[in-house]
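The values are calculated or read from the model by the stated rules, or taken from the named source; none is laboratory data. These figures come from a predicted structure and were not determined experimentally. Quick reminder, even Gly has a Cβ in these numbers, built from the backbone with ideal geometry, and neighbours come from all protein chains shown.
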Amino acid sequence: MATHYGRHLERLQRGEHLEVNAVLALCERVKDLLVEDDNVVHVASPVAVCGDIHGQFHDLLELFKLAGQAPDTSYIFLGDFVDRGAMSVETISMLCVLKASYPDRVTLLRGNHESRQTTQVYGFQIECMKKYDGDARIYKAFMELFDFLPLGALIDNSLLCLHGGLSPALHHLDQLRMLDRFQEIPPDGIFADIVWSDPDSKTLGFHMSPRGAGYIFGEDVVDKFLHMNKLAHMARAHQLCMEGYQVLFRDTFSTVWSAPNYCHRFGNLAAVMAVDDHLDRTYKTFKEAPSSRNIGVLDSKGTSSDAIDAGYFT
């Protein structure tokens, strides 16, 4: 690791956020790397696939203890790095340091929380302003960085990773490759659907989502999409799983959730999906880090809040 990134890593591991100029330079460096990526990034196995983190920084460190440190382990993070958790700044900074240090070993995808609309409501904007004494450049830099994030990852041309799910308008991967991703997430269309949609084992086809964005979709939709694109499996995040993961649709579809005891109240496990060089999947689970238990949850005012429903709030 380059010396200055090593210093950044050490500072973050102590639980300290980076200085202003370090964050601004880091965001520019990562943007320079991301602009070269396709909308759907090709990733070789073996690789560890991680779900929502939501600012639970100490639990991210636990994840690395379980799955291995980069660059020894290659990673795909499925988005939703920020919001809810009170250490979102440190979380996204850590992931950016790892991306800048090992660009071919760390893949960061966009989730529905990597947007201005959600971060202005669920804590990240106010966290940036508080930790950087009202300096608006930090939040702006992260938002511009989020606009550069790829939308999907394809492992060995066989296993597709997205944040949320499928869209009634999405039939071929080439449609994802042709999207203009360098923008705020739009309110509807394929871009919005792939970060907002959810599977449902009790439904067929597409139905409007209770989230107010994206769709609920069934096994028939997944089967058709996999067949059309010659894929074996899909992996996504976006939904809390009490066991840390869930496998649906006759082993063709996985949800991975990587924020244990989400918002310090749900008591759930977290998981990492390890994909080996034969594309066999192993789900490794872990619990909340002891050092994470006394750190609050942020609301839109940047204060600790317990007012969280157990429904579609991720």
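For the stretch 45-61, a tally of residues being within 15 Å of residue 235 (Cα to Cα) and out of contact with any Asp or Glu (no Cβ under 6 Å at 6 or more places or on another chain) returns 5. On the stretch given as the stretch 199-222, residues that are at positive phi and in contact (Cβ under 8 Å) with a residue 40 or more places away in the chain total 1. Restricting 54, 113, 4, 17 to residues that are modelled with pLDDT under 95 and either farther than 23 Å from residue 139 by Cα or not acidic (Asp, Glu) (or both) narrows the list to 4. Sub-7 Å Cβ pairs linking a first residue in the stretch 128-148 that is touching a residue at least 60 places away in the same chain (Cβ under 8 Å) to a second residue that is hydroxyl-bearing (Ser, Thr, Tyr), at least 6 apart or interchain, are 129/139; 138/132, ordered by first then second residue. Is it fair to say residue 60 is assigned to a helix (DSSP H, G or I), at pLDDT 95 or above, buried (at least 18 other Cβ atoms within 10 Å of the Cβ) and not charged (D, E, K, R)? Spelling it out, residue 60 is indeed assigned to a helix (DSSP H, G or I), at pLDDT 95 or above, buried (at least 18 other Cβ atoms within 10 Å of the Cβ) and not charged (D, E, K, R).
Against the numbered list (1) under 23 Å from residue 84 (Cα atoms); (2) more than 20 Å from the chain's Cα centre (by Cα), residue 214 comes up short only at (2). Against the numbered list (1) in contact with a strand residue (DSSP E or B) (Cβ under 8 Å, 6 or more places away or on another chain); (2) surrounded by 23 or more Cβ atoms within 10 Å (Cβ to Cβ); (3) part of a loop (DSSP other than H, G, I, E, B); (4) not aliphatic (A, V, I, L, M), residue 45 comes up short only at (2).
Just to be sure, is residue 141 at negative phi and either in a helix (DSSP H, G or I) or surrounded by 21 or more Cβ atoms within 10 Å (Cβ to Cβ) (or both)? The answer is yes for residue 141.
Could you say whether any residue in the stretch 253-269 is more than 30 Å from residue 15 (Cβ to Cβ) and modelled with pLDDT of 95 or more? Yes, that holds for at least one residue. Residue 200 meets each of the listed conditions (1) in contact with a His (Cβ under 7 Å, 6 or more places away or on another chain); (2) within 22 Å of residue 283 (Cβ to Cβ); (3) not β-branched (Val, Ile, Thr) apart from (1). Restricting 195, 256 to those that are in a strand (DSSP E or B), closer than 22 Å to residue 79 by Cα and either within 21 Å of the chain's Cα centre (by Cα) or among the hydroxyl-bearing types (Ser, Thr, Tyr) (or both) reduces the list to 256.
Taking the criterion of being part of a loop (DSSP other than H, G, I, E, B), in contact with a helix residue (DSSP H, G or I) (Cβ under 7 Å, 6 or more places away or on another chain) and surrounded by 23 or more Cβ atoms within 10 Å (Cβ to Cβ), the residues of the stretch 94-114 that qualify are 110, 111, 112, 113, 114.
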